[in-house]
Amino acid sequence: MDYEGQICRAPMERASFMLPVAVGCSYNQCKFCTLFKHLKYRELPVWQVEDELKRVKNMGGCPKKIFLGDGNAFGLKTSRLLEILELIRQYFPEFEMVNMDATVTNIRMKSDKELRMLYDAGVRHLYLGIESGLDDVLTFMCKDHNLAEVYEAIERLQAAGMIYDAHMMTGAAGQGRGLENAEHIAKFFNKTRPGRIINFSMFLHEEAPLYKEIAAGRFIPADELENLREERKLIELLNVDSLEYDGFHDFIKYRVRGKLPRDRRKMLSSLDTCINRYENKEKSYAYIYAPQSVPQNISVEDVWCPCKEGDS
């Protein structure tokens, strides 16, 4: 498969057939994100999508789950999505579901009838970047929604039969607000009932627009210990049956995952062990840049850089 850009999808989709239908993200304004900043958004022609379906079919592939890439495939017009879904059915008539990323605006731009048509054609899981349970944080990070809009969008997609899964980021609220954010986003999830939550603790990338806010003192980042405590509070408060949770702290190479509420005690114990490990250490911040550009108030030893020996 020829794939332009970085492949980015939830870990729950790692066994899905990744079918690109667009390049980049049609929104591409989130202040913390660098995944698509180097790409000019465009939809792939249907013939190219069909060529990929043919290729996999000719290799003997018979995928049951298909994930449409790239950043927000649900933003394609309903007519284009239905055309692609019909092609999928032609080549793989026994497929079980098609999943993809979406923004709240993507959902709001589709009528209830269109949402139902897409469900009937095979769309099941939509991954939404919720990021935070605080409206002022969503505004600051240039998300395409406030909480009232996302409540409405989720209610509509669930009424159509689809399942919503959530992306979030510990650290999104900044220093001193981790527990506050955990309480608010737990309340949000408990009301909206996602099927899955994927939590990527926020990286502080020098190529992201957020870095300028940090340099100007308008955003003070949380350290990794606060992010761990935020995640612990979140898992403690979540009350959603059969919820798949996967949390990543790539900077400190830590991951916690399980199904709630079944695995709550085990997950909290794992987090407690990790928190205890970092309580007596110097603060660590998940900055990503070359050592020569580290701010003066941050130790080079506290910074993750792709070029540092031993990192991956």
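The values are calculated or read from the model by the stated rules, or taken from the named source; none is laboratory data. All values derive from a computational prediction rather than experimental measurement. Methodologically, a virtual Cβ is constructed for each residue, glycine included, from the backbone with ideal geometry; neighbour enumeration extends over all protein chains shown.
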Handout entry: Scope segment 238-257; condition more than 21 Å from E183 (Cβ to Cβ) and more than 16 Å from the chain's Cα centre (by Cα); matching residues
Key = S242, F251, I252, K253, Y254
Problem - Per-region count, segment 54-95, residues hydroxyl-bearing (S, T, Y) and either over 19 Å from L115 (Cα atoms) or surrounded by 17 or more Cβ atoms within 10 Å (Cβ to Cβ) (or both) - result: 2
Practice task
Mind telling me which of the residues V300, V256, V294 ends up being modelled with pLDDT under 90, among the hydrophobic types (A, V, I, L, M, F, W, C) and farther than 20 Å from T34 by Cα?
Solution key: V300
Exercise for the section: Within segment 108-120, identify whether any single residue is within 24 Å of R14 (Cα to Cα), in the same structural domain as S16 (by TED's automatic domain parsing) and polar (S, T, N, Q), and answer yes or no. Expected result: no
Problem - Contacts under 8 angstrom Cβ, first residue in segment 58-85 being within 16 Å of P20 (Cβ to Cβ), partner among the polar types (S, T, N, Q) and crowded, with 23+ Cβ neighbours inside 10 Å, 6 or more apart - result: K65/N99; I66/N99; F67/N99; L68/N99; N72/T103; F74/T103; G75/T103
Problem - Residues being under 20 Å from G247 (Cβ atoms) and β-branched (V, I, T) - total across segment 121-170 - result: 4
Exercise for the section: Please work out if R218 is farther than 20 Å from K233 by Cα, outside any helix (DSSP H, G or I) and at pLDDT 95 or above. Expected result: yes
Fill in the blank from the handout: Of all helices (runs of 4 or more DSSP H) fully inside segment 84-192, the set with 1 or more residues that are over 20 Å from K233 (Cα atoms) is 104-108, 112-120, 135-140, 147-159
Fill in the blank from the handout: Note: among V98, V49, just one is crowded, with 18+ Cβ neighbours inside 10 Å, more than 18 Å from A166 (Cα to Cα) and modelled with pLDDT of 95 or more, namely V49
